[in-house]
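Some notes on the structure that comes next.
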Amino acid sequence: MHRKIGRYQKQAFGVTAEILEKLLLATEAGNRGARDRALLLLVAYDTMCRRSELVSLMIEDIRYSETNGITRASVLIRKSKTDQLAKGRRLNLGEEATEAINLWLERLRNPKEGQLFKGINRGQKITGSLGSGQISRIYKRLAKRAGLGKELIEQISGHSLRVGNAQDMVNSGESMPMIMGKGRWSKTDTVMRYVEHINYI
């Protein structure tokens with residue numbers, strides 16, 4: 001079968017920091033904009049979470065720590081593709097993502113537990129849980145609002161922030177072990193597939 005159809009896997013377009021800034025500028029006001037900026041863009045980029053991990057994040061798993069007068073949040077990945085035994089791993093967020101999470105939690109009226117990501121209807125009302133299948137649609141919607149090309153938008157997926165951060169780490173000279181550690185990859189060939197084509201627009 002592999003000889004007949006090949007093993008090629010189409011790679012998601014990498015949303016690097018430069019492109020991420022364009023998407024952030026394209027977010028709306030209100031609840032939807034707060035969610036998209038804080039949770040789906042900044043958290044996704046900082047943590048390099050897979051889409052299934054993003055929608056599984058829980059409010060009660062957020063922790064805060066202060067270093068040199070700067071407070072940063074961290075989130076717990078309870079289970080992942082490379083952690084089937086659910087040992088869990090805590091991932092740190094930057095200042096911008098921490099501030100954005102806090103603004104989002106204010107809109108949720110500061111709940112103590114439950115799913116961090118929520119759906120939002122056309123009336124900007126916060127609804128139930130958000131499914132992993134909705135992540136790519138949100139990214140594509142923002143890319144369209146940002147005026148990115150149609151061909152590029154079609155290549156964006158729920159893993160695009162993960163791919164983009166990996167590409168940024170390559171461009172900044174980070175080592176393979178560092179990239180694999182942050183992205184929680186167990187195989188180098190997976191990482192190489194992610195960074196094979198560095199994207200520029």
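Test each condition in (1) within 20 Å of Ser74 (Cβ to Cβ); (2) surrounded by 13 or more Cβ atoms within 10 Å (Cβ to Cβ); (3) without any contact (Cβ under 8 Å) to a residue 24 or more places away in the chain for Phe117 and report the one that comes out false.
Result: Phe117 fails condition (3) only.
For the range 132-139, does any single residue satisfy the condition of being polar (S, T, N, Q), in contact with a Lys or Arg (Cβ under 8 Å, 6 or more places away or on another chain), closer than 16 Å to Asn31 by Cβ and in contact (Cβ under 8 Å) with a residue 40 or more places away in the chain?
For the range 132-139, residues polar (S, T, N, Q), in contact with a Lys or Arg (Cβ under 8 Å, 6 or more places away or on another chain), closer than 16 Å to Asn31 by Cβ and in contact (Cβ under 8 Å) with a residue 40 or more places away in the chain: absent.
Would you tally the residues in the range 111-152 being farther than 16 Å from Gly33 by Cβ and in a loop (DSSP other than H, G, I, E, B)?
Summing the residues that are farther than 16 Å from Gly33 by Cβ and in a loop (DSSP other than H, G, I, E, B) in the range 111-152 gives 10.
Taking Leu103 as the residue in question, decide whether it is surrounded by fewer than 22 Cβ atoms within 10 Å (Cβ to Cβ) and in a helix (DSSP H, G or I).
yes
Does the range 181-191 contain any residue that is of a type in the set (Lys, Arg), in contact (Cβ under 8 Å) with a residue 40 or more places away in the chain and farther than 25 Å from Ala73 by Cβ?
There is no residue in the range 181-191 that is of a type in the set (Lys, Arg), in contact (Cβ under 8 Å) with a residue 40 or more places away in the chain and farther than 25 Å from Ala73 by Cβ.
Please work out which one of (1) without any contact (Cβ under 8 Å) to a residue 12 or more places away in the chain; (2) within 29 Å of Trp185 (Cβ to Cβ) is the condition Gly69 fails and give its number.
That leaves (2) as the condition not met.
Show me the helices (runs of 4 or more DSSP H) entirely contained within the range 156-200 in which 2 or more residues are over 13 Å from the mean Cα position of the chain (by Cα), on the phi > 0 side of the Ramachandran plot and at pLDDT 95 or above.
In the range 156-200, there are no helices (runs of 4 or more DSSP H) which contain 2 or more residues that are over 13 Å from the mean Cα position of the chain (by Cα), on the phi > 0 side of the Ramachandran plot and at pLDDT 95 or above.
The values are calculated or read from the model by the stated rules, or taken from the named source; none is laboratory data. Predicted, not measured: the structure shown is a model, and the values here were computed from it. With ideal geometry, Cβ positions are generated from the backbone for all residues, glycine too; neighbour counts draw on all protein chains shown.
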